[in-house]
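**Q** First the structure, which I've put down as structure tokens, then a few questions once you've had a look.
Since every read-out is calculated from the coordinates, none of them should be taken as a lab result. Since the structure is predicted, the reported quantities are computational estimates derived from the model, not experimental observations. Note that each Cβ is placed from the backbone with ideal geometry, even for glycine, and that neighbours are counted across all protein chains shown.
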There are 2 protein chains.
Amino acid sequence: MTSTRDRLVDSTRELLWDRGYVGTSPKAIQELSGAGQGSMYHHFAGKRELALAAIERTAEELRDNAERELSAPGTAVARITAYLRRERDALRGCPIGRLTQDPDILADPALRRPVDETFDWLRERLAAVLTEGRTRGEFDGDLDANDIASAIVATAQGGYVLARAAGDPAQFHRAVDGVIALLKARTKTVAQ
Amino acid sequence: MTSTRDRLVDSTRELLWDRGYVGTSPKAIQELSGAGQGSMYHHFAGKRELALAAIERTAEELRDNAERELSAPGTAVARITAYLRRERDALRGCPIGRLTQDPDILADPALRRPVDETFDWLRERLAAVLTEGRTRGEFDGDLDANDIASAIVATAQGGYVLARAAGDPAQFHRAVDGVIALLKARTKTVAQ
DNA sequence: GTCTATATAAGGATAGAC
DNA sequence: GTCTATCCTTATATAGAC
């Protein structure tokens with residue numbers, strides 16, 4: 001059903017997620033995808049081209065998933081809470097954030113771009129949701145949407161770090177609960 | 001002045017910080033330290049033993065630096081702010097947090113322990129500072145010190161991710177400013 | 001499109017002389 | 001303690017047949 005090409009890209013995505021760029025070998029990609037060596041080099045020029053396709057696809061998917069939560073109906077805080085509490089494998093971490101630890105990725109503009117753009121988009125999207133909430137009068141006083149949006153994205157990314165260090169997904173959720181509690185304290189105490 | 005052994009450990013610390021465990025080769029360690037191959041294997045059994053010494057040393061240093069800010073005089077928020085705003089090379093990231101992206105480190109209990117313990121300590125230390133602040137009456141209402149401490153550590157760790165993705169240290173500071181703003185909003189509005 | 005053969009370099013270490 | 005020689009494996013391809 002799926003083409004060899006697709007299986008190569010999907011396998012690369014999995015391996016990049018778990019082992020990063022430097023930790024992912026062509027041989028491992030071939031084994032996971034079930035494609036032979038000649039086949040792999042027929043479809044892609046090499047590891048770099050494969051990684052590029054894999055990263056672009058992963059970035060697209062992350063964005064789509066985030067947009068689903070963030071564009072749902074509800075208050076700003078409810079949507080951000082839903083986004084942060086969405087079910088996930090916290091121990092596996094973020095497939096995009098992970099790539100920022102790979103010097104070879106950061107050094108290559110093409111490989112780096114989807115990473116950069118994903119976080120840029122996410123930060124702006126969260127800031128827009130916060131601004132919308134403020135316009136609607138959800139929050140008390142003023143609120144720097146850009147800084148808080150950054151803090152929210154960072155809390156999630158750092159939550160993965162804490163979870164992986166401890167080997168315990170609860171550490172992710174604890175961090176997320178912390179930032180949600182801080183954010184909720186800024187909402188007007190009208191309803192519960 | 002410094003022993004060959006120390007130069008080997010220091011070089012390994014630098015390389016682990018920048019390239020991670022899988023990205024650090026014995027050859028690179030030898031070149032950076034100026035030690036020969038025989039010399040390296042005389043002092044250490046191999047890459048793993050070198051990494052162990054390097055990670056333990058880095059963890060110790062991180063802890064000492066954090067303790068310096070967190071045990072200073074001042075309010076809880078002032079100390080946490082000083083900790084988060086301490087001068088740093090945000091683009092380089094956290095030398096301990098970085099290791100959580102290395103499957104080989106997480107899979108090895110000895111290599112992983114200092115990483116786990118560092119974050120455990122840091123989270124508890126921040127929670128203690130927050131609890132102390134609450135006892136002193138710095139904060140309005142209640143406040144879940146553990147969750148907020150987690151969120152603070154996570155914001156810093158995630159701030160590095162954002163900074164590295166963008167190639168811009170300002171992204172780290174933006175996230176940090178966001179969480180500080182949220183935290184400050186919880187202080188009693190007595191003084192500024 | 002896929003397979004097998006071959007190739008160069010690097011990773012990670014051991015052996016033994018000095 | 002340090003150096004050089006040697007070793008086996010993996011990384012990352014290229015070449016050419018089918």
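**Q** Any chance the range B:92-110 includes a residue that's more than 30 Å from residue A:109 (Cα to Cα), in a helix (DSSP H, G or I) and not hydroxyl-bearing (Ser, Thr, Tyr)?
**A** yes
**Q** So how many residues does the range A:1-47 have that are more than 11 Å from DNA strand D (Cβ to nearest atom), aliphatic (A, V, I, L, M) and closer than 22 Å to residue A:114 by Cα?
**A** 3
**Q** Mind checking which residues of the range B:64-80 are closer than 27 Å to residue A:101 by Cα and touching an Asp or Glu at 6+ places or on another chain (Cβ under 9 Å)?
**A** B:80
**Q** In addition: Could you check how many residues of the range A:48-86 are surrounded by 16 or more Cβ atoms within 10 Å (Cβ to Cβ) and within 16 Å of DNA strand D (Cβ to nearest atom)?
**A** 6
**Q** Which of the residues spanning the range B:151-166 are at the interface with chain A (Cβ under 7 Å from one of its Cβ atoms) and either within 16 Å of residue B:115 (Cβ to Cβ) or not in a helix (DSSP H, G or I) (or both)?
**A** Scanning the range B:151-166 gives B:153, B:154, B:156, B:157.
**Q** Could you list, in sequence order, all residues of the range A:89-118 that are crowded, with 17+ Cβ neighbours inside 10 Å and either among the aliphatic types (A, V, I, L, M) or more than 18 Å from residue A:51 (Cβ to Cβ) (or both)?
**A** Of everything in the range A:89-118, those that are crowded, with 17+ Cβ neighbours inside 10 Å and either among the aliphatic types (A, V, I, L, M) or more than 18 Å from residue A:51 (Cβ to Cβ) (or both) turn out to be A:90, A:96, A:99, A:105, A:106, A:111, A:115.
**Q** Checking the conditions here, which among B:107, B:82, B:128, B:76 is within 11 Å of chain A (Cβ to nearest Cβ) and of a type in the set (A, V, I, L, M, F, W, C)?
**A** After applying the criteria, what remains is B:107.
**Q** Just give me the residues in the range B:135-160 being closer than 24 Å to residue B:188 by Cβ, surrounded by 16 or more Cβ atoms within 10 Å (Cβ to Cβ) and without any contact (Cβ under 8 Å) to a residue 24 or more places away in the chain, in sequence order.
**A** Passing the criteria: B:144, B:145, B:146, B:147.
**Q** The conditions are (1) under 22 Å from residue B:141 (Cβ atoms); (2) part of a helix (DSSP H, G or I), and residue A:189 fails exactly one of them. Which is it?
**A** Just one mismatch for residue A:189, condition (2).
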